[in-house]
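Read the structure below first, then the notes.
The values are calculated or read from the model by the stated rules, or taken from the named source; none is laboratory data. Keep in mind the model is a prediction, meaning the values are calculated, not measured. Glycine also receives a Cβ, built like all others from the backbone with ideal geometry; neighbour counts cover every protein chain displayed.
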Amino acid sequence: MSRQKTNTHLKKTRTGVFDVVNAAILILVAIICVCPFLYVFFIASSDGTYLTRGQVTFFPKGFHLQAFLYVLTNPKFDVFTGMKNSIIYTVLGTIVAVVFTYMTAYALTRPRLKQRFFIMTLFVVTWVFEAGIIPQYIVYSNLGFIDNIWVMIIPGAINTQFLIITKAFLEGLPKELEEAAFVDGASDFKTMMSIYVPVSKPIIATIGLFNAVSIWNQYLIPQMFLKTDTKKTIQQVLKSVIIGAQESPFSNAVVNGVTLNQENLNAAAIVIAMLPIVCVYPFVQKYFKKGILIGSVKG
């Protein structure tokens, strides 16, 4: 009995040590991930005088928020238009993508669809082999997507990677759910909406977040196809602030007693561009972890 108690105690001790080490590693990884975001914010909120002298290493000096106000209120940058357009594209694009991805994945998991393996193969082929930018531009041009806001929504409605994750999730649900619904006389659409959708919140939140981040961060597509200033995204505005400064450098300016320089404006624009999508994550976090784990294990 004494040896058994000793072994049990050793196991508990090892488990406790493992938990502490695991927690320490996770905290370290979290710090490493957060530090770049904090550094950009601290650069944006530091006095430009200290930045010019190279005296800001990490924490801000001469803390202020004037750089954010300047970027937001300067008509040259037109941040509000870019932010509004990006929000519209992200919301509409995410809704369309989630609906089409979920419905397609549901159809591809039904045994009654005899061609489901062939259809899935076509999706995978288009995912692995990309034609390139020039054929993409020609096709989009012929479809009328030039300077059309729907170029941010329609072409990316179904992402094959997200489709595979959703399909794997649905395949893991009990088949008895569908059988019980059919016994009660439910159609395929009603079965999907009444039975499957309510239990699919984790995967819906997961692919919704993935699509939202993808659309929000999209730069190449709007840069290629959206020509009108009133249709530009926040990423294009960010480009005009940072890259445009190389063509016409911003000279130091004193605003309300605070010195602003180009580093302040660049950092402030980056924070403004990434903040909205970062704020979305906490609301879907509880579903995100479960959804991505289920998809990865089944896939």
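Below, the figures for the structure above:
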| read-out | value |
| --- | --- |
| Any hit, the range 46-63, residues being out of contact with any Cys (no Cβ under 9 Å at 6 or more places or on another chain), touching a residue at least 60 places away in the same chain (Cβ under 8 Å) and within 30 Å of E179 (Cβ to Cβ) | no |
| Selected residue [farther than 16 Å from A269 by Cβ and in contact (Cβ under 8 Å) with a residue 24 or more places away in the chain] from F77, F123 | F123 |
| Unmet criterion (only one of (1) over 26 Å from the mean Cα position of the chain (by Cα); (2) not in a helix (DSSP H, G or I)) for F117 | (2) |
| Among the residues listed as Y287, Y281, the single one being at pLDDT below 85, of a type in the set (F, W, Y) and either touching a strand residue (DSSP E or B) at 6+ places or on another chain (Cβ under 9 Å) or surrounded by fewer than 16 Cβ atoms within 10 Å (Cβ to Cβ) (or both) | Y281 |
| Residue in the range 87-105 that is farther than 25 Å from V199 by Cα and more than 23 Å from the chain's Cα centre (by Cα) present | no |
| Criterion violated by R110 - all others in (1) without any contact (Cβ under 8 Å) to a residue 60 or more places away in the chain; (2) assigned to a loop (DSSP other than H, G, I, E, B); (3) charged (D, E, K, R) satisfied | (1) |
| Filter pass, T90 being in contact with a strand residue (DSSP E or B) (Cβ under 8 Å, 6 or more places away or on another chain), under 24 Å from L238 (Cα atoms) and of a type in the set (S, T, Y) | no |
| Of all residues making up the range 182-217, the number that are without any contact (Cβ under 8 Å) to a residue 40 or more places away in the chain and outside any helix (DSSP H, G or I) | 4 |
| Selected residue (criterion: surrounded by the most Cβ atoms within 10 Å (Cβ to Cβ)) from residues of the range 146-181 that are part of a loop (DSSP other than H, G, I, E, B) and within 23 Å of the chain's Cα centre (by Cα) | I153 |
| Cross-chain or 6+ apart pairs with Cβ under 7 Å, the range 254-273 first and within 22 Å of I234 (Cα to Cα), then among the hydroxyl-bearing types (S, T, Y) and not in a loop (DSSP other than H, G, I, E, B) | L260/Y70; N261/T52; L265/Y70 |
| Some residue of the range 42-62 being over 14 Å from T259 (Cα atoms), β-branched (V, I, T) and assigned to a helix (DSSP H, G or I) | no |
| T230 being among the polar types (S, T, N, Q), part of a helix (DSSP H, G or I) and more than 30 Å from A268 (Cα to Cα) | no |
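Each row is one residue, and each column tells you yes or no for (1) among the aliphatic types (A, V, I, L, M); (2) surrounded by fewer than 16 Cβ atoms within 10 Å (Cβ to Cβ); (3) under 30 Å from E179 (Cβ atoms).
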| site | (1), (2), (3) |
| --- | --- |
| L72 | yes, yes, no |
| F80 | no, yes, no |
| S86 | no, no, no |
| T104 | no, no, yes |
